[in-house]
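Here's the structure we're looking at; comments come further down.
A short reminder: the numbers here are calculations on the coordinates, not readings from a lab. Everything quoted here is computed from the prediction, not taken from an experiment. Here Cβ is always computed from backbone atoms with ideal geometry, including for glycine, and neighbour counts include all displayed protein chains.
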There are 4 protein chains.
Amino acid sequence: MERMKSTLAITVVLLLSFLSQAAETANLQKWQKGRGWGWVWGKDDEIGSLNEMTDASRLAALRSVQQGKTYDLGVTYDRNSYKWPGHNPGEIISFRTPEGVKRQGDLPAIIEKNSSKTAWHSCAVFISDNVATQIDGLGHVTKGNDDHWYNGFRERDWGGNWGIRKCDATTIRLIVARGVMIDVATYKGKDALDSSYEITPQDLKGALEKQQTQLRPGDVVLIRSGTLRYWGETGNDTEGKIKTHDSAGINLDSAKWLVEQNGAMLIGSDTSGLEYLPRDEDTDAYRAKYKSFIPVHDYLLVEQGVHIGEFHNLEALAKDRVYEFCYICSTAKIKGTVAGFTLRPIALK
Amino acid sequence: MERMKSTLAITVVLLLSFLSQAAETANLQKWQKGRGWGWVWGKDDEIGSLNEMTDASRLAALRSVQQGKTYDLGVTYDRNSYKWPGHNPGEIISFRTPEGVKRQGDLPAIIEKNSSKTAWHSCAVFISDNVATQIDGLGHVTKGNDDHWYNGFRERDWGGNWGIRKCDATTIRLIVARGVMIDVATYKGKDALDSSYEITPQDLKGALEKQQTQLRPGDVVLIRSGTLRYWGETGNDTEGKIKTHDSAGINLDSAKWLVEQNGAMLIGSDTSGLEYLPRDEDTDAYRAKYKSFIPVHDYLLVEQGVHIGEFHNLEALAKDRVYEFCYICSTAKIKGTVAGFTLRPIALK
Amino acid sequence: MERMKSTLAITVVLLLSFLSQAAETANLQKWQKGRGWGWVWGKDDEIGSLNEMTDASRLAALRSVQQGKTYDLGVTYDRNSYKWPGHNPGEIISFRTPEGVKRQGDLPAIIEKNSSKTAWHSCAVFISDNVATQIDGLGHVTKGNDDHWYNGFRERDWGGNWGIRKCDATTIRLIVARGVMIDVATYKGKDALDSSYEITPQDLKGALEKQQTQLRPGDVVLIRSGTLRYWGETGNDTEGKIKTHDSAGINLDSAKWLVEQNGAMLIGSDTSGLEYLPRDEDTDAYRAKYKSFIPVHDYLLVEQGVHIGEFHNLEALAKDRVYEFCYICSTAKIKGTVAGFTLRPIALK
Amino acid sequence: MERMKSTLAITVVLLLSFLSQAAETANLQKWQKGRGWGWVWGKDDEIGSLNEMTDASRLAALRSVQQGKTYDLGVTYDRNSYKWPGHNPGEIISFRTPEGVKRQGDLPAIIEKNSSKTAWHSCAVFISDNVATQIDGLGHVTKGNDDHWYNGFRERDWGGNWGIRKCDATTIRLIVARGVMIDVATYKGKDALDSSYEITPQDLKGALEKQQTQLRPGDVVLIRSGTLRYWGETGNDTEGKIKTHDSAGINLDSAKWLVEQNGAMLIGSDTSGLEYLPRDEDTDAYRAKYKSFIPVHDYLLVEQGVHIGEFHNLEALAKDRVYEFCYICSTAKIKGTVAGFTLRPIALK
């Protein structure tokens, strides 16, 4: 029986392999080589390139899984976790505790006639929607004097007091797609890329070649700088290692190469902001050139409608040399939030 | 080419079907028919029945997907969403806005030399870890004068100010498993089960038979009361419909039947608490009998180590008569929290 | 010795009485009978009519105290306290507790070598700046398409993400002034004024005459509707009594009479909003007439620069028939907040 | 007329001076020289030494005011303000704004028929009850394995989830009392006392003598280290000056001398914790000697029932050489909180 199952399993794998090869040649719906996407999905669209997912593309991604092994790409967040200082701090606070419920005595109806002495814990959480493992929504970044975001949604029309009213995180589709990890750190022979290291298209090509991986249109592309090797349990960056390496990232050319030449549907990394941040002494020239302090965000989120993944933990994938996988992620369904946060994306191989 | 692909696809489906049949006969590691689990995973275990997942079980669940269609089982949360009144309220508040950043002027270094007028949104979120679509962690509920939870972890040892220090939500494994939906509401001919309707094992058996579904050990079992047909956009229960139907749920016998006879690895529903809540006039007798106000929680979380799913939106599955699927869920990785909350579990068919 | 002290004390009281009579005839600096104030304090002014306080006016108010008895005009706030539903809810949560500090073990350096087993409590507070006993700042209410507040400060110039940047609560001067309570409820023979009772200048004059009190320019005027007799311990309005009576208040004529004819420097009451709110059926006509849903707020805060006091507990003053007193209040010094909240103003007689 | 008023005023002042001299010899109710207070106010008492205030004592303090000039002893708090790192961070966030209300459109009934375009601001505040200018309540600090605080209230009896249920900040009486400032910094010839400077009784006596001030039983005693000269606008301690000087404070001998020999009813300072904190290298010996990391807190709050004032801004008093004044303070009336915070105590002279 076991041998029979093995034989069948091998047959299935071979057939699936064939089918998925076929799938990868399929054209995406709106992507154009050399141009990427842009505001091509209609004036009400809040989804961007994630519109490219279809039953067929998801099925192909799922069918590529051959082992059933999971990798948790999320990092653990607590009050001390490293974050960009411009975001609000966080506290997870015991709100109800067994002792507290019994002492407080505010719910006698629940506590009485309870000879098993049952009680409960719950927590109140004060948190930013831009911490730990994230997917930036298409309304995170704005441009222009009219403060518009993806697809031309303007603050004066779609802002509000309780987050954004177009492209909030509830519009980020459930993501099931082929994932590719590009291990630039290993390619460059580094534990983690140097501070303010600028990842170029040449680096991406070199790393892909070294690891013998090919990109396909519609991929979730995750780029490894090695920064998260320093996250530890909860990213308490007392020695400044995360902060140091966090400024390594892709430049605008790389973002364009991934989107326009390769059809990357979502681009992420293991840093807090994906993109290269210049050294202090280079900042003025950089901003003068790109007219923005975050040109890659502008390009991907606002112009192309391509979501950005941040602080994805790629350490275990790198260790196991897993470069292709099925990427699955769903963001918290909290209205108004601008990003999926404290995520645990799954890589399945 | 297309015909060839179709033929191959059919072959694959048939083979996969055979393989998954084989998989379902596989024994779980620790589950015993007639007893379920209990504290069988070692004294340090924080995971409970989710330990039963293996590469093989995940692969079988993934391979069962034949179409690539996704169902989002999460409901959208905002400040007005229905929740148990004992949990803290929530606010999602615009923390940074394009206009606000520019007016506040607190970050000149970021705003200067920014001729594209790039800015951003972020939100501060004050929230309970027990709202919207949830998976209760094994430390949510406690029993006894020593306030212990699953596996004997005691408040005096593992409590704290910032949530629980054993069995917090970061210990809830990435879940990829066969899911089964039992549509009790349809079986009983109701839009939604009556207030305080007690779902018995007979109801579960009857519904399973009607929908021709078979449970297998290791399943994620989701029970539909129909309550979430009233969620609307964000669960603003102005007419009290959610509150009314939310008291329908399984009784202790049903929980035992699912775990001890059927090996259910996780049990969920479309209500805020899964279990039957008696009418006011029946409350005293109920508590006297069961020694607890939430005996199903006691049994599943504390005694059996079986996680509970809450407010899972099963409406679309019911409409499409999808009773078997691949269930995938990952909870926010926030240390100390006692439950996964505002989730978007995925059902894949 | 005691008799000598008594004699002297009487002499002092008489002399003080003469002095304070003299003081009351003193002209205010900018107030004009028939016009009140307005934007008369210079283009940078954030203080409004509270500019009228001087050393002399404070001294006179202090000198009027003859007994040293204090009345606490604040009501106690907790998570269940009645508030206008448009404000955010509140939670006071134990953040550090002796048991929690010891169990959490996050501060070993503090806990070690501590044979007295010293520990501490602290709370995290999530709260609105518009709850319980308040003084509305001059930036609370805005008017016009340019969203300007007192003195013409505009949102586009002085808004921000973290509250307002002109006229925030830190600009509310320490208040030491003559206070007068006008007990309209007693005058009208009511425990509390009826729902949507409209307090007219005639009511104010009648009540003042009945209680034999005279207003003087520069007074803090507090108007009693009787609503706070229903506050109980923490304003948990389960029976809806506070909500019912909270709509009684002064109309615009009364506000004008107090400011323009009498020089009231601050006007408060024992309701959440001071002003009359019409019944549902009268709302449309009311708004059409006044062009605002809160014309008294518009008039006092925006046009006149007169602060508003809310939820001042006047029950003990009424019981003791104390109509004149020294009013002392200082608001929390939290930058950006738009009102002083959870205050305990002091009435001294 | 003016001359007549002046003559009378002088007479009053002289008479008041005589009366207040008489008042100061009055015995306190429970204080004993050489012993102070302790748990002398009955087993239910939550007030401690503030019980000593009487109408007469308040009247005397008020009558001592000769000028009507106010000093605001509070410092301004915002998200960047220096605080002890063990307390939770804070955010003041614009919750409703004129633009936001109009865009969000959640309250059409309020916004419609509003041709004046009236709208409003409010803020949501997340804050610690131990920040900026404070008065520690008698339940802030606990001792012993039973975690008891003042008067023997124990955590197991009077703890809870939402702050403390005995001696919370709502029990801190309205304070109107004679205040004395002891300017130790000036006495020692320093801008601010050195880091970890230990203020001894000899320093206090020397400073009092230099400034020719006499303590009287029942005084609020405020000790100046000079630390708050570095607060600036909001205490953003980027250069570490506040942190450096904040460790200067009174030692246990000084606390005892103030309470037991002088009847100080409340003791405060311009640092975050009043008491001397040893240098790192002295910490072990210090704790071994005193059995606590905060022996002055233990002594004052737990043992004596004497409240502690923190971060009182004494700079203007020092500049004007005002050593005696009427001290007036009322704390926010928020149930469960353990301290009055973000206060603006008033010094009147």
Please sort by residue number the GluC sites (Glu not before Pro) in the range C:231-306 whose DSSP state is loop and whose Cβ has at most 12 other Cβ atoms within 10 Å. C:Glu233, C:Glu239
Exposure proxy check: D:Asp136, D:Asp146, C:Asp55 ranked by fewest other beta carbons within 10 Å? D:Asp146, C:Asp55, D:Asp136
In debye, nearest 20: dipole of the range A:241-349 around its Cα centre with unit charges on the Cβ of K, R (+) and D, E (-)? 420
At q = 0.13, 0.14, 0.28 Å⁻¹, what log₁₀ I(q)/I(0) does a Debye calculation on the Cα points of the range A:173-247 give, no solvent, two decimals? -0.46, -0.53, -1.21
Loop only by DSSP, 11 or fewer other Cβ within 10 Å of the Cβ. Give me the trypsin sites (Lys or Arg not before Pro) in the range D:235-335 that pass, ordered by residue number. D:Arg279, D:Arg321
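Using the 10 angstrom Cβ neighbour count as an exposure proxy, how do C:Phe311, D:Phe325 rank, fewest first?
Details: C:Phe311 31, D:Phe325 25.
Final ranking by Cβ density, sparse to dense: D:Phe325, C:Phe311.
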If you consider only alpha-carbon coordinates, what radius of gyration and Dmax does chain D have, in Å? 22.1, 71
Return the sequence-ordered ³J(HN,Hα) values of the range D:309-324 in whole Hz as given by the Karplus equation 6.51 cos²θ - 1.76 cosθ + 1.60 applied to θ = phi - 60°, using x for Gly and Pro. x, 10, 6, 7, 7, 10, 5, 5, 4, 5, 4, 8, 6, 9, 10, 10
Which of B:Lys190/B:Lys241; C:Lys243/C:Lys335; C:Lys69/D:Lys166; D:Lys241/D:Lys291; D:Lys83/D:Lys241 have a Cα-Cα distance over 21 Å? C:Lys243/C:Lys335; C:Lys69/D:Lys166; D:Lys241/D:Lys291
Need the C-alpha centroid separation for the range B:42-60 versus the range D:234-257, integer Å. 53
Return the average number of partner chain Cβ atoms within 10 angstrom of each residue Cβ along peptide B:82-88. 4
What is the set of long-range amide H partners of D:Ser269 at a cut-off below 5 Å, with H atoms built 1.01 Å from backbone N? D:Ile223, D:Gly309, D:Glu310, D:Phe311, D:His312
About the Cα centre, and with charges only on the beta carbon of Lys, Arg (+1) and Asp, Glu (-1), how big is the dipole of chain A? Nearest 20 debye, please. 1040
For the rotation bringing D onto A, which D residue has its Cβ nearest the axis, and at how many Å? D:Pro89, 2
Please work out the FRET efficiency for the pair B:Lys210 and B:Asp320, using the Cβ-Cβ distance as r and a Förster radius of 25 Å; give the result to the nearest 0.05. 0.95
Rounded to the nearest 500, what is the 222 nm mean residue ellipticity of chain A from helices alone, with -39500 (n - 2.57) per DSSP H run of 4+ residues and division by all residues? -7000 deg cm²/dmol
Here the averaged projected area of the range A:74-165, based on the convex hull of its alpha-carbon atoms and given in nm², is 9.8
Counting DSSP beta bridges with both partners in the protein assembly as shown, what percentage is antiparallel, nearest 5? 65
Where both partners of a DSSP beta bridge lie in chain D, what percent of those bridges are antiparallel, to the nearest 5? 60
Taking each label point as 7 Å beyond Cα in the direction of the beta carbon, state the distances from A:Gly86 to the same residue in the other copies, shortest first, in nm. 3.1, 3.5, 4.2
Out of all Cα-Cα pairs in the range B:224-349, roughly what percent, to the nearest whole number, are more than 25 Å apart? 29
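When the Kirkwood hydrodynamic radius is evaluated over all pairs of different C-alpha atoms of the protein assembly as shown, what value in angstrom, to one decimal, is obtained?
33.9 Å is the Kirkwood radius here.
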If labels are modelled 7 Å from Cα along the Cβ direction, A:Gly152 lies from its partners in the other copies at nm distances, smallest first, of 3.7, 6.7, 7.7
Listed residues D:Pro98, D:Asn80, D:Ser64: farthest to the positive end of the dipole of the range D:56-119 (Cβ charges): D:Ser64
So, how do all the Cα-to-Cα distances of the range D:123-214 break down into 10 Å bins, in percent, from 0 on up? 13, 27, 27, 26, 7
Shortest first and in nm to one decimal, what separations exist between A:Ile110 and its copies in the other chains, measuring from label points 7 Å along the Cα-to-beta-carbon line? 2.9, 2.9, 3.8
With 10 angstrom as the radius, rank D:Arg63, D:Arg79 by how many other C-beta atoms surround their C-beta, starting from the fewest. D:Arg79, D:Arg63
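Using the crude model of +1 on Lys and Arg Cβ and -1 on Asp and Glu Cβ, and no other charge, please compute the dipole size for the range B:91-166 relative to its Cα centre, in debye to 20. Don't jump to the answer; show the numbers that get you there.
On the way: 10 positive and 10 negative charges, 68 e Å.
Dipole size: approximately 320 debye.
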What whole number of Å gives the distance from the Cα centroid of the range A:165-221 to the Cα centroid of the range B:267-290? 49
With a cap of 15 neighbouring Cβ atoms within 10 Å, and only residues DSSP puts in a loop, list the GluC sites (Glu not before Pro) found in the range D:83-142. D:Glu112
Straight-line reach only, C-alpha to C-alpha below 21 angstrom: list the lysines that B:Lys33 could link to, leaving out same-chain residues fewer than 8 apart. B:Lys205, B:Lys256
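If you average the sequence gap of Cα pairs under 8 Å that are 6 or more apart and divide by the length of the range D:127-268, what percent do you get for the contact order?
24 percent.
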Evaluated at 4 °C and 1.567 mPa s, the Stokes-Einstein D of the range C:209-269 based on the Kirkwood radius over Cα pairs, in µm²/s, stands at 98
